[in-house]
Structure formats: structure tokens, C-alpha cells
2 protein chains.
Amino acid sequence: MRRLLATLIASLAWINSASAADSLPSWNEGASKKAIISFVEKVTKEGTPDFVPVPERIAVFDNDGCLWAEQPMYFQAFFVFDRIKALAPQHPEWMEKEPFASVLKGDMKAALAGGEHALLEMVMATHARLTTEEFEKAVTDWITTAKHPTTDKLYTEMVYQPMLELLAYLRANGFKTFIVSGGGIEFMRPWVEKAYCIPPEQVIGSSGGLKYELRDGKPVLIKLPEIAHNDDKDGKPVGIQRHIGRRPIFAAGNSDGDLQMLQWTAANTRPSFCLYIHHTDAEREWAYDRVSHIGKLDKGLDEAKAKSWTVTSMKDDWKTIFPPDKK
Amino acid sequence: MRRLLATLIASLAWINSASAADSLPSWNEGASKKAIISFVEKVTKEGTPDFVPVPERIAVFDNDGCLWAEQPMYFQAFFVFDRIKALAPQHPEWMEKEPFASVLKGDMKAALAGGEHALLEMVMATHARLTTEEFEKAVTDWITTAKHPTTDKLYTEMVYQPMLELLAYLRANGFKTFIVSGGGIEFMRPWVEKAYCIPPEQVIGSSGGLKYELRDGKPVLIKLPEIAHNDDKDGKPVGIQRHIGRRPIFAAGNSDGDLQMLQWTAANTRPSFCLYIHHTDAEREWAYDRVSHIGKLDKGLDEAKAKSWTVTSMKDDWKTIFPPDKK
């Protein structure tokens with residue numbers, strides 16, 4: 001009880017400071033920052049037609065390329081590759097079988113040549129048949145040790161500092177923040193609470209089937225090699241409806257996979273805000289927009305511009321990209 | 001911002017009073033009440049091995065027969081019957097086709113003779129092809145006007161007062177309360193926030209497929225006549241994992257459909273609490289345990305007793321069943 005009181009008192013203090021000082025210090029003064037602050041001030045101003053009650057302040061964020069980086073490929077793909085290598089001794093047949101053979105030879109490009117289908121095959125082969133607790137442990141072990149191939153950072157050190165500030169700013173203003181990602185829901189949950197202060201119940205992602213079983217009287221959930229929900233494109237509004245049951249008033253994305261989520265948010269009868277992160281910084285991050293290893297990106301950007309959503313240029317709008325190194 | 005502050009300050013006041021006064025006034029002094037309070041005090045006491053941090057204080061509640069009544073049949077079935085009657089003019093074929101024909105003749109028993117399968121067929125026929133917003137309106141219109149056939153109360157007046165107090169008591173102690181019901185997720189969401197103070201994003205239930213579509217440029221989600229998730233029995237731990245991603249420490253149920261959710265909770269490595277509501281009050285509610293119109297109920301009750309979960313007798317443990325009439 002005392003701890004709960006302390007937490008609440010801490011939130012009160014944080015709210016007061018949030019309204020007073022600059023809550024978005026890593027954002028340059030410019031159109032994006034101005035638009036965000038102006039929207040938040042508008043919907044939190046009581047007694048005005050634009051006021052949105054706290055329970056309806058739902059904010060949704062894509063993850064890959066929006067909260068953390070996604071180059072040279074989705075970070076979950078590195079996890080999958082590492083699992084393939086670890087599991088290879090139990091699967092001698094993988095030496096001859098694509099896309100596994102390419103992974104074991106270290107040729108990631110060839111491994112991903114089969115596109116989404118090949119990636120999915122590898123996800124199924126390496127994620128399924130574990131219990132949810134075994135899988136959680138595998139993710140936790142990996143995320144706390146594996147390093148990015150070019151930056152040599154932990155993957156969780158490649159989250160975007162300005163987006164961390166934006167998440168905190170929204171929460172300090174009564175928003176509930178959700179992740180809505182095409183990535184695996186069980187892959188994200190073990191680390192997003194620490195990385196983004198987003199609890200597991202506010203994570204929406206792609207998911208596989210689960211089977212409840214009693215093993216020696218102990219209940220477990222087994223991951224099945226089948227897709228239950230593909231949380232990408234059309235699947236994002238579906239995932240939002242299924243998990244939240246309420247239309248967001250704030251959405252942030254960076255690719256065609258986020259377009260439907262942004263449309264769904266923009267059509268809210270309440271005031272709404274759509275943020276499109278534009279990867280323009282070849283020096284500090286990566287520059288890519290219309291095409292990437294992941295596929296085309298043109299529809300989302302075109303519609304964002306056509307509908308005057310807030311397009312944030314990482315190069316121009318962000319003072320820093322990643323959090324400062326911890327010494 | 002001022003409103004948010006006011007809400008937080010109000011919660012602080014409420015927490016102080018919750019620890020001081022009796023938070024469960026409709027519960028008779030007895031083993032159930034004592035066990036609940038003792039559990040909550042135990043897990044909220046900092047610096048002890050049983051202490052559970054706030055984010056892990058997840059509580060899950062069945063709905064039908066646990067938070068509100070379920071006799072003479074699931075209340076959602078009455079909604080389905082009323083929709084069949086309303087839609088009948090557009091479906092002349094229903095006059096000849098079971099189970100619809102029986103509903104239209106007013107023979108509900110015959111309509112339900114086909115069991116779960118028949119009910120599901122009616123759910124599909126009456127829920128599907130609407131947009132989520134049209135369906136929400138249909139539920140809201142019905143729940144605010146339809147009356148229970150024998151009590152003549154609104155269905156939302158047939159929630160259990162002692163359970164409302166329990167939900168509030170848990171929340172005041174840092175628990176996040178979720179509904180985990182076999183009922184339709186979209187059927188519950190429009191009214192549970194008002195009835196139980198549970199927001200839509202904390203409702204888990206059975207769900208159908210959804211399809212995203214642009215209608216004249218306006219995005220909608222269409223309900224499809226297919227089951228995406230059956231949130232009953234084995235489906236409850238699956239629904240909990242998918243939505244919450246964390247194992248509950250508190251679960252309440254009243255039937256075989258809740259058994260797996262209770263097992264899943266009981267096997268938490270943290271201290272956990274399982275509550276089994278026993279319908280023993282023929283006078284003020286209904287008395288039924290091992291068999292009901294809904295099917296067998298013996299496994300849940302037997303396991304609750306065998307495992308010494310807290311079995312609450314509505315007749316003996318509850319001072320009142322329903323909230324007092326509003327005059």
C-alpha cells in the first residue's frame with residue numbers, strides 16, 4: 001500500500017514537472033514538436049469541444065523503425081537466426097534445407113531471399129513447441145546479450161530517445177500507450193516494459209496458436225506452428241479492436257504496414273493525431289523511405305503527405321537518435 | 001491536466017479509506033471474506049517474500065454467473081433472441097428454419113435444444129456483417145432498455161453487489177481487474193465500463209473474425225461469421241496469455257468453463273488466490289451447482305474443493321446479491 005502511494009505521489013510530481021518543463025528535449029524546435037504539443041494541449045483542455053476524457057486517450061505505436069531501429073533487417077530476424085544456429089545440432093536436415101542452410105552458412109541475404117514466407121518458416125521452426133515460459137526465457141537471454149552487427153550495441157540500446165520522451169509525455173498527460181507491431185507479441189513482451197515502460201498487456205503483435213496442456217499436473221501453454229493473427233497492414237486495426245476495443249486518438253508509424261492503423265486513427269470522431277517517422281538520417285541511423293529490404297514503403301509516406309499527417313524527419317527533427325551510452 | 005490531477009488525488013483518498021474502513025460491506029464475516037482480505041494484505045506487504053509488485057497484480061473474473069447472473073440462460077442469449085425477432089422481417093426463411101423458428105414462436109427451450117452449436121449459429125446470424133460500430137450501438141440500445149424475464153430488472157441491475165465491492169477493493173490495492181468470459185468480447189465492452197469500472201481494453205472474451213474495409217473512403221471493421229477465439233475452458237488461459245501476457249495472481253469463476261483459468265492462476269510461482277462462486281441461494285438468486293441448463297458444473301466445484309480454493313456460498317457469504325434499487 002505504501003509503495004502504491006509512493007508510486008502515485010511520484011506520478012503527481014512527474015505530471016507537474018511535465019507541464020512545466022520541456023518534456024521533449026531531444027526534439028528540435030520545429031513543426032513536428034509544435035504539432036505534437038499543440039495536439040496534446042488541445043485534447044487535455046477541459047471544457048472545450050476538443051477535450052478527450054482520460055479513458056479515451058489511447059495512443060498506438062508501431063515498433064520496428066518507429067520505437068527502435070529495423071536495419072539492416074528486423075531485429076527479431078537476428079533472434080531467429082541465432083536460434084537456428086543454436087538449434088542446428090538437433091536438426092541435421094537444416095544443413096541441406098533452405099532457408100536454414102543459408103543461415104548456417106552465414107548468408108543472411110540469401111536466407112531472406114524468400115521474403116516474408118521464408119522468414120515465417122524460420123519463425124515457426126524456431127518458436128513453436130516451446131512453452132510460453134521457455135520462450136520468454138529464450139528471448140530474455142538473447143535480448144540481454146546479443147549485439148547489433150554494425151553498431152555493436154545491445155538491441156535495446158537502439159531505441160529512439162525522442163520516442164521514449166514522446167511516450168512519457170503522452171503518459172504524463174493521461175494517455176495509455178500501446179505497441180501495435182507486426183513483430184511477435186511474445187518476442188516483445190519480455191523486454192518492452194523495461195525499454196519503453198509499456199506493460200505486456202499493452203503490447204499487440206503477431207501471434208501464433210497456443211495450446212493449454214497439463215504436464216505432470218502443471219499447466220503450460222505450448223506455442224503451435226500456426227499463425228493466429230498477423231498484426232500487419234489490415235491486421236493492425238483488427239488487432240487494435242480485438243485488444244483495445246476503442247479507437248486510438250494518436251498513432252505513430254513509419255511504413256506501409258502502419259497505413260491502415262493510421263487511417264483507422266485518423267477517422268476517429270474525436271480529434272486525432274497521426275505521426276509518420278521518416279528515416280532520413282544516413283549518418284546517425286539509416287536513410288530509406290520508398291524502398292527497403294523489407295519491401296515498398298511508398299503508400300504510407302504518400303498518404304501521410306497527402307493527408308497532412310505530421311511527417312517527422314529523423315535528421316531534421318531529432319537532436320539525438322539513440323539514448324546516450326551508459327558508462 | 002487538472003482533471004487528471006483530481007482523478008489521482010481522488011484515488012489517493014480512496015486508497016487511504018480502503019485500508020481503513022470495511023471495503024467489503026456486503027460480505028458476511030466468514031471464511032471467504034477473511035481469506036480474501038488476508039491474501040490482499042499478504043501480497044501488498046512490502047519487504048516480505050509474498051509481496052507482489054503492482055504491475056504483477058493481475059486479477060481475472062469470469063462474467064456470467066460470477067459478476068452478473070446467468071439464469072434462466074446466458075443474458076447474451078436474450079440479446080440474440082431479441083435480435084432474431086428484430087431481423088425476422090428481412091429473413092422470411094427463418095419461419096421454417098430451426099433454431100430461428102422456435103425463437104420466433106417464443107419457445108426458447110426448443111431454440112436452445114441444439115446446445116452450444118445452435119446458440120453459435122444464432123450468434124453468427126445476428127452479429128455478423130455489421131460494422132463494429134453498428135454492433136456497439138445495437139448492444140447499447142438493448143442493454144439500456146431490455147428487461148430480465150422474471151425479475152423485470154435491467155440486466156445491468158443483476159450484477160452482484162459483493163463482486164462490485166471485491167473489484168473495487170482489489171483495484172484500490174493496485175490490482176488491474178480483467179474480465180475473462182466465454183461471452184462475446186464485443187457484446188460486453190459497450191457496458192462493462194459503467195457496470196464494473198472495467199475499461200474495454202481489460203475485457204477478454206470470445207471473438208469473431210474482423211475485416212478491415214474502406215467504405216467510401218471511411219475505414220470500418222466488419223464482423224465476419226467465423227470464430228476467431230472461443231474464450232471458454234482451455235481457451236481462457238490462451239485468451240489471458242494473448243491479451244495480458246502475464247499470469248494472474250487472482251482468479252474468480254463459477255463453472256467448468258473457468259477451471260483451466262483457475263488452474264493456470266493457481267500454478268503461478270507468486271502467491272495466488274482462486275475464488276469459486278457457488279450458486280446456493282434459491283431465494284435471492286438461483287441454486288444450481290452440478291448441473292444447469294448450460295451443462296455440467298461438477299469438475300470445477302470438485303477441483304475447487306479438492307484444492308482448497310475459496311468456495312463462496314452466495315447464500316451464506318453474501319449479505320445482499322444485487323445492488324439496491326435506484327429510486
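Assuming charge only on the beta carbon of Lys and Arg (+1) and of Asp and Glu (-1), the dipole of the protein assembly as shown about its Cα centre is about 1280 debye to the nearest 20. The mean number of Cβ atoms from other chains found within 10 Å of a Cβ in peptide A:211-224 is 3, as a whole number. Anisotropy class assigned to the stretch A:27-126 is prolate, per the alpha carbon gyration tensor with a/c at or over the 1.5 cut-off and a/b larger than b/c.
In nanometres and ascending order, the distances from the A:Asp281 label point to those of the other copies are 6.1 (point 7 Å from Cα along Cα→Cβ). Counting neighbouring beta carbons within 10 Å and listing from fewest to most, the residues A:Cys197, A:Cys274 come out as A:Cys197, A:Cys274. Shielding by partners for peptide A:199-209, expressed as the average number of C-beta atoms from other protein chains within 10 Å of each residue's C-beta, is 4.
Once both labels are positioned 7 Å from their Cα atoms along Cα-to-Cβ, the gap between B:Val54 and B:Arg215 label points is 4.2 nm. Residues A:Thr145, B:Thr151 in ascending order of nearby Cβ atoms (within 10 Å, fewest first): A:Thr145, B:Thr151. Please report, to two decimal places, log10 I(q)/I(0) for the protein assembly as shown at q = 0.09, 0.11 Å⁻¹ as given by the Debye formula with identical point scatterers on the Cα atoms and no solvent. Log10 of I(q)/I(0), two decimals: -0.81, -1.21. Starting from the label point of A:Asp325 at 7 Å along Cα→Cβ, the same points in the other copies fall at 7.5 nm, in ascending order. Put simply, the Cα atoms of chain A extend 66, 49, 43 Å along their principal axes, the longest span coming first.
Mind giving me the FRET efficiency for B:Asp22 and A:Glu133? R0 is 45 Å, r the Cβ-Cβ distance, nearest 0.05 is fine. With R0 = 45 Å, the Cβ-Cβ based efficiency is 0.70. Only Cα pairs under 8 Å and 6+ residues apart enter the sum, and on that basis the relative contact order of the stretch A:181-327 stands at 15 percent. Over the stretch B:75-143, Cα pairs under 8 Å with separation of 6+ residues give a relative contact order of 30 percent.
Which order do A:Ser272, A:Ser32, A:Ser255, B:Ser308 fall in if you start with the one that has the fewest other Cβ atoms within 10 Å?
The fewest-first ordering by Cβ neighbours comes to B:Ser308, A:Ser272, A:Ser32, A:Ser255.
One equal scatterer on each Cα of the stretch A:75-143, no solvent, Debye formula: the resulting log10 I(q)/I(0) at q = 0.12 Å⁻¹ is -0.28. Say we join alpha carbon atoms closer than 10 Å with springs in a Gaussian network model of chain B; which of B:Gly174, B:Gly65, B:Gly106 then has the biggest fluctuation? Result for chain B, Cα springs under 10 Å: B:Gly106 fluctuates most.
Can you pull the mean other chain C-beta count within 10 Å for peptide A:92-98?
0
Would you calculate a helix-derived [θ] at 222 nm for chain A, using -39,500 (n - 2.57) for each DSSP H run of n ≥ 4 and dividing by the full residue count, to the nearest 500?
Details: 13 runs with 134 residues, N = 327.
That calculation yields -12000 deg cm²/dmol at 222 nm.
Annotation: the antiparallel percentage among DSSP beta bridges lying fully within the protein assembly as shown is about 45. Inter-copy label distances at A:Lys307, shortest first and taken from points set 7 Å along Cα to Cβ: 4.6 nm.
No lab work stands behind these numbers, since they all come straight from the coordinates. These numbers were taken from a predicted model, which means no experiment stands behind them. Counting neighbours? That spans all protein chains shown, and the Cβs are built from the backbone with ideal geometry, glycine included.
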